[in-house]
Amino acid sequence: ELKVEQNPLFLSMQEGKNYTIYCNYSTTSDRLYWYRQDPGKSLESLFVLLSNGAVKQEGRLMASLDTKARLSTLHITAAVHDLSATYFCAVDGASGTYKYIFGTGTRLKVLA
Amino acid sequence: GAVVSQHPSWVICKSGTSVKIECRSLDFQATTMFWYRQFPKQSLMLMATSNEGSKATYEQGVEKDKFLINHASLTLSTLTVTSAHPEDSSFYICSARSPFIGNYEQYFGPGTRLTVT
């Protein structure tokens, strides 16, 4: 059974600081997705990572994928309050089905 | 592009009644739609996968007779919660994908919050 784990589960950080969220998964997959969710809202797509070594950046967020280590990271640079949200990674669950298995989520709170 | 809508955005129903949630792909034809459930402060759990014109595939532990899924067209899937109970109260999110757009990714709807009293 594919498992996707994120850590930390909860992160409280000061504005201006850097931090990394980790997403580990238990089986082979070349496709990994990062989403942001605000309270009471659905998912907002952040990054689509489709191959080993993929790195994508948007503003203060940068995501990378290491399929050999089964690890993706979401790095936050110089956090601002507006980044406060819950972040999920998701992995394609099984070849040909395109099902996602979501990580446990990381609740990020950026303190002003 | 790749917009998915859900209706209603929230619904309150009485215990024992049924409620239907619609999921529509507005600007593309979705060969596959997915239904997720999310409880407060938890992750999304996949309930079922539906392909247009065929029966839905339910995940282990999801009661197919309770959560009826119909994918009647390439732009519409419906989830009917039958004989709803308070424990069915949750945030239901659908997603849709097409092999002709994006990179295998799913496009998510805005969600439907169901409260059963």
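Read the figures in this text as sums done on the coordinates, not as results from a lab. What you are looking at is a predicted structure, and each value in this text was computed from that prediction instead of being measured. Cβ atoms come from the backbone with ideal geometry, glycine included; neighbour counts cover every protein chain shown.
Return A:T77, B:T112 ranked ascending by Cβ neighbour count within 10 Å, so the fewest neighbours appear first. If you can, show how the numbers build up before the last one.
Working: A:T77 14, B:T112 22.
Fewest-to-most Cβ neighbours within 10 Å comes out as A:T77, B:T112.
With +1 on the Cβ of every Lys and Arg and -1 on the Cβ of every Asp and Glu, and nothing else charged, how large is the dipole of the protein assembly as shown about its Cα centre, in debye rounded to the nearest 20?
Numbers: 22 positive and 19 negative charges, 47 e Å.
The calculation lands at about 220 debye.
Using only Cα positions of the protein assembly as shown, each an equal point scatterer, no hydration layer, compute I(q)/I(0) via Debye at q = 0.12, 0.14, 0.18 Å⁻¹ and quote the log10 values to two decimals.
Once normalised to I(0) and log-transformed, intensities are -0.66, -0.89, -1.34.
In Å³ and rounded to a whole number, note down the convex hull volume per residue for the Cα atoms of the stretch B:1-75.
Details: hull volume 8.9 nm³, N = 75.
Here the figure is 118 Å³ per residue.
Using the Karplus curve 6.51 cos²θ - 1.76 cosθ + 1.60 with θ = phi - 60°, work out ³J(HN,Hα) for each residue of the stretch B:80-95 in order, rounded to whole Hz, and write x for Gly and Pro.
Per-residue couplings from phi come out as 10, 8, 8, 6, 5, 10, x, 6, 7, 4, 5, 9, 9, 10, 10, 9 Hz.
In the stretch B:17-57, what trypsin sites (Lys or Arg not before Pro) fall in a loop by DSSP, with at most 14 other Cβ atoms inside 10 Å?
In loop regions of the stretch B:17-57 (DSSP not H, G, I, E or B), the sparsely surrounded trypsin sites (Lys or Arg not before Pro) are B:K41, B:K55.
Can you list residues from other chains, or at least 5 along the same chain, whose modelled amide H is less than 5 Å from the amide H of B:A2?
Amide H to amide H, under 5 Å and 5 or more residues apart or across chains, B:A2 pairs with B:D27.
So what's the stretch B:14-117 giving for Cα Rg divided by 2.2 N^0.38 Å, two decimals? Display every interim value, and only then the final one.
On the way: Rg = 13.3 Å, N = 104, 2.2 N^0.38 = 12.8 Å.
So the stretch B:14-117 has a normalised radius of gyration of 1.04.
B:T115 label point, 7 Å along Cα→Cβ, cut-off 19 Å on backbone N: hits in the stretch B:74-98?
B:81, B:84-93
Return one quarter of the surface area of the convex hull spanned by the alpha-carbon atoms of the stretch A:28-112, equal to its mean projected area, in nm². The partial results should precede the final answer.
Values: hull surface 23.3 nm².
Projected over every direction and averaged, the Cα hull of the stretch A:28-112 covers 5.8 nm².
For A:S51 and B:L74, FRET efficiency with R0 = 30 Å and r from the beta-carbon atoms, rounded to 0.05? Provide the component values of the computation, followed by the final result.
Numbers: r = 29 Å, r/R0 = 0.97.
Using R0 = 30 Å, I get an efficiency of 0.55.
Let me spell out the model: positive unit charges on the Cβ of Lys and Arg, negative unit charges on the Cβ of Asp and Glu, origin at the Cα centre of chain B. What dipole size does that give, in debye rounded to 20? Could the numbers behind the result be given before it?
Numbers: 10 positive and 9 negative charges, 37 e Å.
Here chain B has a charge dipole of around 180 debye.
Might you report the magnitude of the Cβ-based charge dipole of chain A about its Cα centre, with Lys and Arg at +1 and Asp and Glu at -1, to the nearest 20 debye? Before the final figure, lay out the partial values.
Details: 12 positive and 10 negative charges, 17 e Å.
Value, rounded to 20: 80 debye.
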